1. Here are some residues: 10, 36, 75, 61. Which one is exposed (fewer than 10 other Cβ atoms within 10 Å of the Cβ) and either at pLDDT 60 or above or on the phi > 0 side of the Ramachandran plot (or both)?
2. Can you tell me how many residues in region 50-66 are under 16 Å from residue 76 (Cβ atoms) and over 15 Å from the mean Cα position of the chain (by Cα)?
């Protein structure tokens, strides 16, 4: 994969600089991407506990199991399944 960056040398000449491909092998196999709602509820719930919260979302606002963000926030008074 090559990333293209538009550059201007200051003299009016424009060109494209290409960066070498990323070494994907250096990425840890254990590294996982977690949805933001999961991070919030698992790691940072103290930031919103006892506060009124507004949620701006769309149909893609779900956790890793497909439960919608609004349903998760509504259920804060109940225990979440592990």
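1. Going through 10, 36, 75, 61 in turn, the sole match is 10.
2. 6
The values are calculated or read from the model by the stated rules, or taken from the named source; none is laboratory data. A quick note: this is a predicted structure, and the numbers were derived from the prediction, not measured. Backbone-built Cβ (ideal geometry, glycine too); neighbour counts: all protein chains shown.
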